[in-house]
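Each remark here refers to the structure printed beneath this line.
The values are calculated or read from the model by the stated rules, or taken from the named source; none is laboratory data. Only a predicted model underlies this, so the values are computations on that prediction, with no experimental measurement involved. Quick reminder, even Gly has a Cβ in these numbers, built from the backbone with ideal geometry, and neighbours come from all protein chains shown.
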Amino acid sequence: MYDKYQSPLSERYASKEMQYIFSPDMKFRTWRKLWIALAETEKELGLNITDEQIEELKEHAEDINYEVAIEREKLVRHDVMSHVYAYGVLCPKAKGIIHLGATSCYVGDNTDVIVMTEALKLVRKKLINVIAELAKFADEQKSQPTLAFTHFQPAQPTTVGKRATLWMMELKLDLDDLDYIIDNMMLLGSKGTTGTQASFLELFEGDQEKVRRIDPMIAEKMGFKECFPVSGQTYSRKLDTRVANVLAGIAASAHKFSNDIRLLQHLKEVEEPFEKNQIGSSAMAYKRNPMRSERIASLSRYVMVDALNPAITSATQWFERTLDDSANKRLSIPEAFLAIDGILDLYLNVVDGLVVYPKVIEKRLMSELPFMATENIMMDAVKAGGDRQELHEKIRLLSMQAGKNVKEEGGDNNLLELIAEDPSFNMTLEELKSCMDPTKYVGRSVIQVEEFLTDVIAPILEENKDIIGMKAEINV
């Protein structure tokens, strides 16, 4: 196992569940289900196919004789026809009607859509669980004041819980996009060599109505609402682009979250989980590197860039089809899903174990709060008889002096002391310190968290309560 390349997406990042969805076994079992659906449809529309042949196909739908298919492919160099042959070996009575009237894209493209749909459902399940875990965190931390940043410069305070709702809002938008894509997934159906269904028109002796019914019947048997109404030999590769774009959107949201956690861990305000025996650095034993968040960022960049592959493939298809999509699809689509699967497992793991340090948060907030409280202080001084314009200029100058003390002298923020010493404000240091309650400066943060969780998130979690409760296992 150590003498050839192995994809890290399988070895380190993606879950076994997602890996199976894109496995050869899933593909070939789906091929057989599609052949059964086609045979049933053709029989129901009047072709000379017997119940006995259908039952034989169903009897051997799961016991795939891989060895026979592999040996046959060495001879004929065609994967679909090799599996048609292998299926026929197991089903001698039905072998003559397997794949009747179809092209390779009937099993290939329809299976791709089925596999992507199953993968999207797993992504959705994990996304819902991340949102549920973030909802708990936001509710627990909704009243914890913290310094907010714009441009990563100190700004008006918020709360830790309110910041978490920003991460959730982006995931909610991703969920909206994901639900739309899942709800609009369409099979190729059985369109024939150039999408005209000419072979089926021949099979059904020119009966337009029977041929028209083939695709809807196959879609229903395979659990889909519809097939593409028109196509060339393949389904429009625009579908792959749409799927990849929604995965890239989730990746972007996860990347933003991971960046925030990495910055907060640098500030020692919030940390991702760190295991008892985990080593942060081979050289610096004290280090606690945010490796999970860094991995989220790393994989997310891959998914965002990978979305270009289906877009370019879609743009460069010639007429009814070319084959320059095949090798690219085999890489870009599965790997995007495997990567996003690993990202969501990491996201869930990080949120589930986030550690908040209120004392550090309070210390940093209080060091900046005097600057942010100046407007309130000025208003109180005006009420006591001061001149607003004069006081504004004095506070500006005193703020610069306090800032110099912090930045150039390495001292504490002494703005309150400087204001107390200025008779223009007519306020004692004790009166000024009474303005330093952080909860006075967080605006509607607490209420916003409560309203968001109640009005936006709770209905989503209630609707999906049966799939909530996942725990993510990651390879560290």
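Worth pointing out:
- Checked against (1) touching a residue at least 60 places away in the same chain (Cβ under 8 Å); (2) part of a helix (DSSP H, G or I); (3) over 28 Å from the mean Cα position of the chain (by Cα), residue 87 passes all but condition (1).
- Residue 468 vs. criteria touching a Cys at 6+ places or on another chain (Cβ under 9 Å) and not acidic (Asp, Glu): no
Table: residues versus (1) exposed (fewer than 11 other Cβ atoms within 10 Å of the Cβ); (2) among the aliphatic types (A, V, I, L, M); (3) in a loop (DSSP other than H, G, I, E, B).
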{"site": "426", "(1), (2), (3)": "no, no, yes"}
{"site": "432", "(1), (2), (3)": "no, yes, no"}
{"site": "450", "(1), (2), (3)": "no, no, no"}
{"site": "459", "(1), (2), (3)": "yes, no, no"}
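- Residues within the range 421-463 that are under 24 Å from residue 372 (Cβ atoms) and β-branched (Val, Ile, Thr), tallied: 6
- Taking the criterion of being within 12 Å of residue 129 (Cβ to Cβ) and of a type in the set (D, E, K, R), the only residue of the range 336-351 that qualifies is 345.
- The set of residues in the range 90-112 that are buried (at least 21 other Cβ atoms within 10 Å of the Cβ), among the hydrophobic types (A, V, I, L, M, F, W, C) and either assigned to a helix (DSSP H, G or I) or without any contact (Cβ under 8 Å) to a residue 40 or more places away in the chain (or both) comprises 91, 97, 105, 107.
- Annotation: residue 30 fulfils all but one of (1) modelled with pLDDT of 95 or more; (2) more than 24 Å from residue 115 (Cβ to Cβ); (3) hydroxyl-bearing (Ser, Thr, Tyr); the unmet one is (2).
- A search for C-beta distances below 6 Å between a residue of the range 218-240 that is farther than 24 Å from residue 44 by Cα and any residue that is of a type outside the set (Ser, Thr, Tyr) and surrounded by fewer than 16 Cβ atoms within 10 Å (Cβ to Cβ), counting only pairs 6+ apart in sequence or on different chains, returns 232/320; 233/320.
For (1) in contact (Cβ under 8 Å) with a residue 60 or more places away in the chain; (2) crowded, with 19+ Cβ neighbours inside 10 Å; (3) in a helix (DSSP H, G or I); (4) touching an Asp or Glu at 6+ places or on another chain (Cβ under 8 Å), each residue gets a yes or a no:
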position	(1), (2), (3), (4)
298	no, no, yes, no
305	no, no, yes, no
333	yes, yes, yes, yes
336	yes, yes, yes, yes
351	yes, yes, yes, yes
363	no, no, yes, no
369	yes, yes, yes, no
376	yes, no, yes, no
405	no, no, yes, yes
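- Scanning the range 285-332 for residues that are under 14 Å from the mean Cα position of the chain (by Cα) and of a type in the set (A, V, I, L, M, F, W, C) yields 296, 297, 299, 303, 304, 307.
- Residue that is surrounded by the most Cβ atoms within 10 Å (Cβ to Cβ), among those in the range 39-49 that are touching a residue at least 12 places away in the same chain (Cβ under 8 Å) and part of a loop (DSSP other than H, G, I, E, B): 49
- Test result for residue 235, in a loop (DSSP other than H, G, I, E, B), surrounded by 14 or more Cβ atoms within 10 Å (Cβ to Cβ) and at pLDDT 95 or above: yes
- Scanning the range 379-403 for residues that are among the acidic types (Asp, Glu) and not in a helix (DSSP H, G or I) yields a count of 1.
- Residues that are assigned to a loop (DSSP other than H, G, I, E, B), of a type in the set (S, T, N, Q) and in contact (Cβ under 8 Å) with a residue 40 or more places away in the chain, drawn from the range 15-38: 15
- Residues considered: 461, 416. Of these, the only one that is within 28 Å of residue 293 (Cα to Cα) and of a type in the set (A, V, I, L, M, F, W, C) is 461.
- Taken over the range 319-331, the criterion of being free of Cβ contacts under 8 Å to residues at least 12 places away in the same chain and not charged (D, E, K, R) is satisfied by 322, 323, 326, 327.
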